[in-house]
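The values are calculated or read from the model by the stated rules, or taken from the named source; none is laboratory data. Remember, predicted model here, so these are calculated numbers, not experimental data. For neighbour counting, all protein chains shown are included, and Cβ atoms are generated from backbone atoms with ideal geometry for every residue, glycine included. What goes into the accessible areas is simple: the full protein's heavy atoms, side chains included, and nothing from ligands, DNA or RNA. Shrake-Rupley method; radii C 1.70, N 1.55, O 1.52, S 1.80 Å.
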Amino acid sequence: MSNDTVRIAQLSCGPEYSGVQKEIYTAAEAVGAEVFFPDLSLADIRRNFRDFGLDVRSGDLKLAIARAVALVEGSVEADGVFIASCFRCAEAAIVRNELRRYIHEHSKLPVVSYSFTERTTSGTLLTRMEALTTIARRRALLARERQTGLTMGVDSGSSTTKAVIMQDNGIIGTGWKPTTEVIASADEVIRLALEEAGIKRDDLEAVGTTGYGRFLIGEHINADLVQEELTVNSKGAVFLADCQHGPSTVIDIGGMDNKAISVLDGIPGTFTMGGICAGASGRFLEMTAKRLGIDITELGPLAMKGMGDDVPMNSYCIVFGTQSLVNALAEGHSKEDVAAAACHSVAEQVFEQQLQEIDIKEPVVMVGGTSLIQGLVRAMGNLLQTEIVVPHHSQYIGSVGAALLSSGFVEKN
Amino acid sequence: MARVFIYPATSLILSDLVARFGHKPLGTALSVRERIQTAGLDSPPLQMTPDDAKKGLKWAAVEVPSGVRGRMSLFGPLIDQAEAAVLVSNPDFAFGCMGCARTDELVEYLVRRKDIPVLELNYPLDEEEGILFVRKVRDFLRGLESASPEKAS
């Protein structure tokens, strides 16, 4: 559907009275989307609500349910669905979850849900809205399964910046650096990747960027594709894990936030993006490694040797998590056990906070830098009772996804 | 014999009715009694622990209050096993109380979403309604009996 306005149906309770409806409109507008409230007759509202069977008291939630049924039945047309309700409302949380599941199971509409507070800003919603519009607008691009030509992907993450150069469906160059200055870090990883690939910048036929710094770097290197990390990482993950067809689940525990994405045929269906606290992110593992006096790359193997069951650790908050860490070491627990407990704690947070919000379908693919921490992968596998797939180059997932998707621009260029 | 989920799950009357008509009631009267009677200091009086609320995450998202999730850790597995269900709306406290309207909404929805026979009744407020109530439950349970593949063969 090219660059036509993407129409996003809003199913919600409370944003107007929380003072955040304008933020929702602003976020949608920023990505060329239009938010609308599906119109239904009173008779249809009553019928849809009754047929759905979730007998809630809130009038707005009844309306949201009726609208969801209309979207699934096709009596109202939309390109995506945004479900929103107040943070901490029990009834709304139940409805949000069930509607997301219902729409995902009965239609191909991409869905994103969000619980807001009065502090929610358009900036918080931007990546989610962008992902919704990307899925709707670029379905053809997302369907790409093979990389062609000579392309580069740059992923400017909160902790690290990565670049990958691909040629004829294979990786021929990589670059990786901690993110300091956004543009300088990108220039450096591009230099490293070009050097490894043995090519010049001008040889590249198309370039894509993703991650927090995607817009800035996209402009700096004149990228063909500038795309949020939810769709790009999904694509990179299923490409590298060789599961482009059928369902899969992608988990990316990042330095600043976590993503859990339910994917079908390489296209995200539902996803959550968040992380209540840094305690549930890669940042806590970095702190753990620092406190244990080891490099982050040593944390995984160390955790694999330990048993974290006897070490009380709750990284719900990074401050309390660090206190648990210090206490555990003071009580004489081994470094191995503490490392294992830290990995389990992060995995448990992600499991409880985010993975309940999407339908876990095998294979479960873990990507991003934290997927190289074996202790974390083992802990997640134990919690999900499944064998986790960590593909090669998993830390470059965003760059690979961007390089793969940008090859859609090779012919055009 | 069908496994029949009853709600309120603590209702002894529903449990008794289901058993009388040859089916297996899926309620919590026994499991709650067991929990209460089991000696333990973890979390009296019900002996439920934070782990139970975590188990409830299978049926309700993390943002749903822990009390709802704790209840779901009891009712959820029963709903998963159910082959039929009897749901009573707005019951009197003495009939069996689940204590949380949000849990009621979720339980009823999850039951309705399953492709099983469901009898939904309002709590009877006088004798006449009571007789009708029991008759409807009886007819529903007998219907299950005749529809049961075990009985049919």
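Filter A:LYS259/A:LYS290; A:LYS162/A:LYS412; A:LYS62/A:LYS361; A:LYS259/A:LYS361; A:LYS108/A:LYS162 down to the pairs with a C-alpha to C-alpha distance above 21 Å, please. From A:LYS259/A:LYS290; A:LYS162/A:LYS412; A:LYS62/A:LYS361; A:LYS259/A:LYS361; A:LYS108/A:LYS162, over 21 Å: A:LYS259/A:LYS290; A:LYS162/A:LYS412; A:LYS62/A:LYS361; A:LYS108/A:LYS162. With the helix formula -39500 (n - 2.57) applied to DSSP H stretches of n ≥ 4, chain B reaches a computed 222 nm mean residue ellipticity of -15500 deg cm²/dmol. When B:ASP52, A:ASP51, B:ASP92 are compared by accessible area of protein heavy atoms, the largest-first order is A:ASP51, B:ASP92, B:ASP52, using a 1.4 Å probe. With θ taken as phi - 60° and the Karplus curve 6.51 cos²θ - 1.76 cosθ + 1.60 applied, the whole-hertz 3J(HN,Hα) list for the range A:193-208 is 5, 5, 4, 5, 6, x, 10, 9, 4, 5, 6, 5, 8, 7, 9, x Hz, x standing for glycine and proline. 3J(HN,Hα) along the range A:232-240: 5, 5, 4, 5, x, 5, 6, 5, 5 Hz, from the Karplus curve 6.51 cos²θ - 1.76 cosθ + 1.60 with θ = phi - 60°, whole Hz, x for Gly and Pro.
Across all C-alpha atoms in the range A:305-413, the radius of gyration and Dmax reach 17.5, 63 Å.
Taking amide hydrogens as placed 1.01 Å from N in the peptide plane, the amide H of A:VAL226 sits under 5 Å from those of A:THR209, each at least 5 positions away in sequence or on another chain.
Dividing the alpha-carbon radius of gyration of the range B:21-93 by the rule-of-thumb value 2.2 N^0.38 Å gives 1.22.
Our Cα-only numbers for the protein assembly as shown put the radius of gyration and Dmax at 26.3, 89 Å.
Inverting the mean 1/r over all pairs of different Cα atoms, compute the Kirkwood radius of the range A:243-390 and quote it in Å. Intermediate results must be reported in sequence, preceding the final value.
On the way: mean 1/r = 0.0664 Å⁻¹.
Evaluated on the range A:243-390, it is 15.0 Å.
Distance between the 7 Å Cα→Cβ label points at A:HIS245 and A:THR180: 4.8 nm.
Centroid-to-centroid, using Cα positions, the range A:373-408 and the range B:99-113 are 37 Å apart. Between A:ASP4 and A:LEU42, the simple label model (points 7 Å from Cα in the Cβ direction) yields a spacing of 3.4 nm. Peptide B:62-70 has a mean shielding of 5, counted as Cβ atoms of other protein chains within 10 Å of each residue's Cβ.
Taking 0.36 nm per residue of sequence separation and removing the Cα-Cα distance, the A:GLU29/A:SER75 pair yields an extension gain of 14.1 nm. With a cut-off of 13 Å on the backbone N, the residues of the range A:160-186 near the modelled label site 7 Å out from A:LEU216 along Cα-Cβ are A:160-161, A:179-186. Grab the beta carbon distance between B:GLU128 and A:GLU362, set R0 = 60 Å, and tell me the FRET efficiency rounded to 0.05. Plugging the Cβ-Cβ distance into 1/(1 + (r/R0)^6) gives 0.65.
Rounded to the nearest whole Hz, the Karplus-based 3J(HN,Hα) values (6.51 cos²θ - 1.76 cosθ + 1.60, θ = phi - 60°) of the range A:115-125 follow the sequence 10, 9, 10, 5, 8, 4, 10, 4, x, 5, 8, with x at glycine and proline. Its DSSP H runs of at least 4 residues, each contributing -39,500 (n - 2.57), put the calculated 222 nm mean residue ellipticity of chain A at -14000 deg cm²/dmol, to the nearest 500. Normalised by the number of residues in chain B, the mean separation of alpha-carbon contacts (under 8 Å, six or more apart) gives a relative contact order of 27 percent. For the protein assembly as shown, the dipole from Cβ point charges (+1 on Lys and Arg, -1 on Asp and Glu) about the Cα centre works out to 620 debye, to the nearest 20.
For A:GLU196, the accessible surface of its heavy atoms amounts to roughly 110 Å² (probe 1.4 Å, protein chains only, rounded to the nearest 10). On the beta carbon distance between B:ILE36 and A:LYS22, with R0 = 56 Å, the FRET formula returns roughly 0.60. Peptides A:121-127, A:162-168, ordered by how many other C-beta atoms sit within 10 Å of their residues on average, highest first, read A:162-168, A:121-127.
Inter-chain Cβ neighbour count for B:102-115, averaged per residue, equals 4 (cutoff 10 Å, partner chain atoms only). Calculate the translational D of the range A:222-275 in whole µm² s⁻¹ from Stokes-Einstein, where the hydrodynamic radius comes from the Kirkwood formula applied to all Cα pairs, the temperature is 37 °C and the viscosity 0.692 mPa s. In µm²/s, the coefficient rounds to 287. Look at the stretch A:93-102: the mean tally of other chain Cβ atoms within 10 Å of its residues' Cβ atoms is 4. Spatially, the range A:337-371 and the range B:7-79 are offset by 28 Å when compared through their Cα centroids.
Here the simple spin-label model places points 7 Å from the Cα toward Cβ, and for A:ASN169 and A:SER58 these points are separated by 4.8 nm. Residues whose amide H comes within less than 5 Å of that of A:ILE221, counting only those at least five positions distant or on another chain, are absent (H built at 1.01 Å from N in the peptide plane). Going by accessible surface with a 1.4 Å probe and the largest first, A:GLU229, A:GLU105, B:GLU83, A:GLU77 read A:GLU77, A:GLU105, B:GLU83, A:GLU229.
Taking all protein chains together and rolling a 1.4 Å probe, A:CYS89 ends up with roughly 50 Å² accessible. What the Cα convex hull of the range B:3-152 gives, in volume per residue, is 113 Å³. Note on chain A: GNM, Cα springs under 10 Å; of A:ALA280, A:ALA28, A:ALA93, the largest mean-square fluctuation is that of A:ALA93. Ordered from highest to lowest accessible area with the whole protein assembly present and a 1.4 Å probe, A:GLU348, A:GLU219, B:GLU145 read as A:GLU219, B:GLU145, A:GLU348.
Extension gain for B:GLN81-B:LYS58 works out to 6.8 nm (0.36 nm per residue, less the C-alpha to C-alpha distance).
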